[in-house]
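Novice: One structure is given below, represented as structure tokens, and several questions about it will come after.
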Amino acid sequence: YLKISKLALAFAIIHSKPPGKSSKEYTEYLAKTVSEQNFGWKWKVEVLEAEVLRLRQELLLNRISPRFCLENRKQDTSAETLLGQESINPTSYSSQLEDSGCDVCNDSAFDSLGIASDFHQSAHNVNTSKHWLERVPPLNLCHTSKEQSLTAPVHFLQCLLEIRKLSEGGILQADFSELENDSFTVCNSVSQLLDGLTVFYNSPKFPAPSFLTEGVSVLVNLITDTKLSNHVLKKCFKKLEEFKKNLIQIILRNRSVNRFQELNSVSQMLGLLGRNNILRNSLISLLLSEVRQFAEQLLQAYQVHSVYDIAQYENMFLLCMILEQLLQNETEESNSSSSDYGGEEKIKFLKNLDQIILHLSDEFPLFSLYLWRVSVLLNSGQMQ
């Protein structure tokens, strides 16, 4: 039946083709017309899905705190202004143009992770003319710019954080158990935020735009909030794991000449994710795995006198610095739930590490030093 149908279609195209056009040209024209129609339907579906998600976000916030929604419809007060949430200093993205990330004495490299001085409390002064979750015209939804990919989820999550802040102060009554009943809205909003951040980190601009600052700030506040983080991690842990893996691969794959300025913002994001204990433990495991595999590949290349990827070798130092900082934070926290971080990857990393360091120390002394420093932190955590 399928062969007969294809043959009938071919005859129909041949008989109906206009004069002056070959059958091939007419077939290509018809295929292009059909694909354009499919693209139009796809765009309409995306617009409707975005509108459905916006309505679900509004409904979920209304269920959590109806009074919040009523008051915000009457006032022109932005969620960010009331919340006074944490933010990344935008100048930190553009002020640290380094030609090498390999200097072990460069304390600013550790600060740039966002766990030290660059991450600080600040209040945003935003345009107060924006209403709560203002309606975006459907025509704007077809433009998949970096800013628009972050705007919708950021607005929703900002409102969620504001309700959390106001309820903690006794100003509002909120029922966050509603988050358990609508996992779709929470998951999709966080997924959109992570996808938008990934798009930026793949091709960043400097200085960092304001929408990126807001997106990072919302994500960090979300995963560090004691009440909301459990809901988010329960529903979005796999997506957050994928996000961390993407950031690590962005660091490893980057081969541009002035890549260290770009990678600084990525490493800062990884450091901020490490503020959450659960995410930090899984991030340590991911970094241990990448560093161990590269060390084994480097040893094999050195033993057989083959070439190795120099750009990846340089980028690996950034992962080592992130890993070292996370391990230091883990060991310094006296209230840590478990000192056995890293799990299976920790055992794999420490296995035969002395032999790897011994063979690489002459040719690659700096990398060997980093391996040793990481091993010392892992062993100190085990002793505790």
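Novice: Which residues, counting only those in region 258-288, are touching an Asp or Glu at 6+ places or on another chain (Cβ under 9 Å), open to solvent by 20 Å² or more (accessible area, probe 1.4 Å) and either over 21 Å from residue 219 (Cα atoms) or part of a loop (DSSP other than H, G, I, E, B) (or both)?
Specialist: Residues satisfying the conditions are 258, 260, 261, 285.
Novice: Right, here's the next one. Applying the selection to region 354-370, what residues are in a helix (DSSP H, G or I) and of a type outside the set (Phe, Trp, Tyr)?
Specialist: Here is the first cut: in region 354-370, the residues in a helix (DSSP H, G or I) are 354-360, 365-370.
Result: 354, 355, 356, 357, 358, 359, 360, 365, 366, 368, 369.
Novice: Answer yes or no: is there a residue in region 293-314 that is within 22 Å of residue 223 (Cβ to Cβ), of a type in the set (A, V, I, L, M, F, W, C), modelled with pLDDT of 90 or more and open to solvent by 10 Å² or more (accessible area, probe 1.4 Å).
Specialist: Going residue by residue through region 293-314, those that are within 22 Å of residue 223 (Cβ to Cβ) are none.
No: zero hits.
Novice: While we're on this one: Kindly provide the set of residues from region 187-208 that are among the small types (Gly, Ala, Ser) and farther than 25 Å from residue 54 by Cα, ordered by number. Talk me through it step by step, then tell me what you get.
Specialist: Step one: filter region 187-208 for residues among the small types (Gly, Ala, Ser), giving 189, 191, 196, 203, 208.
Those that are among the small types (Gly, Ala, Ser) and farther than 25 Å from residue 54 by Cα: 203, 208.
Novice: Could you list, in sequence order, the residues of region 267-315 that are small (Gly, Ala, Ser) and under 27 Å from residue 362 (Cα atoms)? Spell out the reasoning first.
Specialist: The initial filter retains those residues of region 267-315 that are small (Gly, Ala, Ser), namely 267, 271, 274, 282, 285, 289, 295, 301, 306, 311.
Result: 289, 295, 301, 306, 311.
Novice: Go through region 253-286 and give me each residue that's among the hydroxyl-bearing types (Ser, Thr, Tyr) and within 13 Å of the chain's Cα centre (by Cα). Even if it seems obvious, please write down each step before you answer.
Specialist: Narrowing region 253-286 to residues among the hydroxyl-bearing types (Ser, Thr, Tyr): 256, 265, 267, 282, 285.
Passing the criteria: 265, 267.
The values are calculated or read from the model by the stated rules, or taken from the named source; none is laboratory data. On a predicted model such as this, the values are computed, not experimentally measured, just so you know. Please note: Cβ atoms are built from the backbone with ideal geometry, for glycine as well, and neighbour counts cover all protein chains shown. Areas reflect the complete protein model, heavy atoms only, side chains present, ligands, DNA and RNA absent. Shrake-Rupley method; radii C 1.70, N 1.55, O 1.52, S 1.80 Å.
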